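Here the structure is laid out as structure tokens; the discussion comes afterwards.
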Amino acid sequence: MDFHGIDLNLLAAFDALMRERNVTRAAAEVGVSQPAMSAALARLRKLAGDPLFHRSAAGLLPTARARDLAGPIAEALERIRTVLVEDTAFDPAAATQTFKLGLPDYPAFVLLPAITLALRESAPGANLSVHSFTGRDEAVDRLDAGAIDLAIGVLPSQADRRFLSRPVLRDTFVTIIANEHPAARRGMDMKTFLSLSHVLASPEGDGFGLVDQALAQQGKKRKLALTLPQMFVVPSVVARTDMTATVMRRVVTASPAARTIATFPPPVPLPEITFHAIWHRRNDANPAQAWFRDLVAAVAEKV
């Protein structure tokens, strides 16, 4: 199919290469041979006036130009597919597609069981493919590449018109310590807080969290004794040591160690954490994706 001299099959090839980052897999997805895909890549490079991809041990790495093109091309292809192939109505009872959901640990633990149950009840023939990510900007790359349809996490560090979002889940922070610790009886004032050794859960591997930022604004600093990537193990660590931690409330209430832990309001002001459903603009008008986003939001509202 040609449009003003541009072969739209080349755009499908480019979209597959962006998602697969591998010529052989992209060729299989589009339904052409590997030499044909290589030829398509050569034509794409000439058309764009850019290498578009560089080979590396990790696969094809897109250039800045390729990243700029990825969103508009994927969105255009999705609109064409919706108009030519899909009905405007979506019947979840008859659906057989796979919804690709990106979740870091916290929303996975809190929401995934209920999302799975709701999907099984409303769309029993549909499948759910869950993908993990840690950094907030990692979700952007996966949405751009089409590896996931929807992400639930903290908003990306920089706003971008390619992505849309809606808040779906909120939580507040609590400071915790073992019931047997003397501080559990005295209370958690600033002096006690700063005298204790702290545990920091940092999925991204940072050694400086929201608590440290809030303390720094007051010219104060806490003593970090343990930094780890898994937040849900923190209550069990605190329950068996003389350390303290400041974590989201649901992390504590969901822990088997909850009964052996005392909770206090943090002695420093901390913001409420909001998790958003985030999706690529190209999927905004897709009836199935819109239905799935509403299902996720309805589940999160009941948590």
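When each of the peptides 134-144, 37-47 is scored by how many other beta carbons lie within 10 Å of its residues on average, the order from highest to lowest is 134-144, 37-47.
Computed 3J(HN,Hα) for the stretch 155-161, one whole-Hz value per residue from the Karplus formula 6.51 cos²θ - 1.76 cosθ + 1.60 where θ = phi - 60°, is 4, x, 5, 10, 5, 8, 5, glycine and proline marked x.
Can you tell me the equivalent ellipsoid semi-axes for the stretch 192-232? Use √(5λ) from the Cα gyration tensor, largest first, whole Å. Intermediate values should be presented prior to the final figure.
Values: eigenvalues 66, 30, 9 Å².
Result for the stretch 192-232: semi-axes of 18, 12, 7 Å.
Here the stretch 1-148 carries DSSP beta bridges of which approximately 50% are antiparallel, counting only pairs with both residues inside. Relative intensity of the stretch 247-301 on a log10 scale, I(q)/I(0) at q = 0.13 Å⁻¹, equals -0.58, per a Debye sum over C-alpha point scatterers of equal strength in the absence of solvent.
Using the Karplus relation 6.51 cos²θ - 1.76 cosθ + 1.60 with θ = phi - 60°, the per-residue 3J(HN,Hα) values for the stretch 254-260 come to 8, 7, x, 8, 4, 6, 9 Hz, with x marking Gly and Pro. Under 20 Å of direct C-alpha separation, and excluding same-chain neighbours fewer than eight residues apart, Lys223 reaches these aspartates and glutamates: Asp189, Glu204, Asp206, Asp212, Asp242.
Expressed in Å, the radius of gyration and Dmax of the Cα atoms of the stretch 182-264 are 12.4, 36.
Taking the Cα centre of the stretch 173-271 as origin and assigning +1 to Lys and Arg Cβ atoms and -1 to Asp and Glu Cβ atoms, the resulting dipole is close to 260 debye.
Entry for the stretch 1-61 at q = 0.12, 0.16, 0.30 Å⁻¹: log10 I(q)/I(0) = -0.26, -0.45, -1.40, Debye formula applied to identical alpha-carbon scatterers, no solvent contribution.
Of all beta bridges that DSSP places with both ends in the stretch 173-271, some 55 percent have antiparallel geometry. In order along the stretch 136-148, the Karplus-derived 3J(HN,Hα) couplings, from 6.51 cos²θ - 1.76 cosθ + 1.60 at θ = phi - 60°, round to 4, 7, 5, 4, 4, 4, 6, 5, 4, 7, x, 5, 9 Hz, and Gly and Pro are given as x. Between the alpha-carbon centres of the stretch 186-246 and the stretch 23-70 there is a gap of 46 Å. In the chain, the DSSP beta bridges split such that about 60 percent are antiparallel, to the nearest 5. Here the chain is treated with +1 on each Lys and Arg Cβ and -1 on each Asp and Glu Cβ, and its dipole about the Cα centre works out to around 900 debye. The H on the amide N of His276, modeled in the peptide plane, is under 5 Å from the matching H of Gly153, Val154, Leu155, Val168, each at least 5 residues off or on a different chain. Select one label from [x] 1.35; [y] 1.22; [z] 1.10: the one whose number is Cα Rg over 2.2 N^0.38 Å as derived from the coordinates shown. From the options [x] 1.35; [y] 1.22; [z] 1.10, the structure gives [y].
Per-residue ellipticity at 222 nm, computed for the chain from helices alone with -39500 (n - 2.57) per DSSP H run of at least four residues, works out to -13000 deg cm²/dmol.
Which translational diffusion coefficient, to the nearest whole µm²/s, is obtained for the stretch 87-177 from the Stokes-Einstein equation, given a Kirkwood hydrodynamic radius over C-alpha pairs, 20 °C and 1.002 mPa s? Value of D from the Cα-based Kirkwood radius: 145 µm²/s.
For Arg162, the amide hydrogen comes within under 5 Å of no other amide hydrogen, counting only partners 5 or more places away or on other chains and with H modelled in the peptide plane.
A Gaussian network model of the chain, with springs between Cα atoms under 10 Å, assigns the largest mean-square fluctuation among Asp15, Asp50, Asp149 to Asp50.
Rg/Rh for the stretch 24-164 stands at 1.00; both radii use Cα atoms, and Rh follows the Kirkwood definition.
Computed from the coordinates by the stated procedures, all read-outs in this text should not be read as laboratory data. Please read all numbers here as calculations on a predicted model, not as lab measurements. Cβ coordinates were reconstructed from backbone atoms using ideal geometry, including for glycine residues, and neighbour counts include every protein chain displayed.
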